[in-house]
Amino acid sequence: MSKEIFDTVLQVETQSNEIHNQIGQLKYLIVKLLEENNKLKIENDNLKKHYDINLMDLDRNEEKSEKKIEIEKPKLAYNNLTNLYNEGFHICSDQFGRPRSDDCLFCTPFLNKFTKSS
Ligand SMILES: [Zn+2]
């Protein structure tokens, strides 16, 4: 009888340790998610700023004739991507818009492709 009680206490203790560990893991996950969320917020703000600048450029072009817009649009897209890249962001499809610390092997072909076609 007393052995049974002892076993039960041990069991509950083990379970309580497991719950404690799980809470610890959840806390760690929450911290990671908050960090990621904060990073995404900053990236989103950066992209929004670039998007607003692009819209401002487009508005300016719309004041000119429609024909001119057709000519300038591809160039504009290239300039914006180049600016984005030069300001330290990826323009490759894998990591588009993410901050870049070094030259990216995947971004460079995009820049070259645009340079050749324009
Ligand atoms: Zn890249």
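Testing Ile23 on (1) more than 26 Å from Asn86 (Cβ to Cβ); (2) surrounded by fewer than 10 Cβ atoms within 10 Å (Cβ to Cβ), one condition comes back false. Which one is that?
With respect to (1) more than 26 Å from Asn86 (Cβ to Cβ); (2) surrounded by fewer than 10 Cβ atoms within 10 Å (Cβ to Cβ), Ile23 is out only on (2).
Applying the selection to segment 99-108, what residues are of a type in the set (D, E, K, R) and more than 8 Å from the ligand (Cβ to nearest atom)?
Answer for segment 99-108, where residues must be of a type in the set (D, E, K, R) and more than 8 Å from the ligand (Cβ to nearest atom): Asp102, Asp103.
Could you list all residues from segment 81-98 that are near the ligand (Cβ under 9 Å from one of its atoms) and either surrounded by 12 or more Cβ atoms within 10 Å (Cβ to Cβ) or closer than 12 Å to Asn46 by Cα (or both)?
Correct list: Tyr85, Phe89, His90, Ile91, Cys92, Gln95, Phe96, Arg98.
Among all residue pairs at least 6 apart or on different chains, which show Cβ distances below 7 Å where the first residue, located in segment 99-113, is at pLDDT 85 or above and in a loop (DSSP other than H, G, I, E, B) and the second is within 8 Å of the ligand (Cβ to nearest atom) and of a type in the set (D, E, K, R)?
Phe106/Asp94
Between residues in segment 47-59 that are of a type outside the set (Gly, Ala, Ser) and residues that are surrounded by 11 or more Cβ atoms within 10 Å (Cβ to Cβ) and at pLDDT 80 or above, which pairs lie under 7 Å by C-beta distance while being six or more apart or on different chains?
Listed pairs, sorted by first residue: Leu47/Gly97; His50/Leu84.
The values are calculated or read from the model by the stated rules, or taken from the named source; none is laboratory data. Since we're looking at a predicted model, the values are computed, not measured. With ideal geometry, Cβ positions are generated from the backbone for all residues, glycine too; neighbour counts draw on all protein chains shown.
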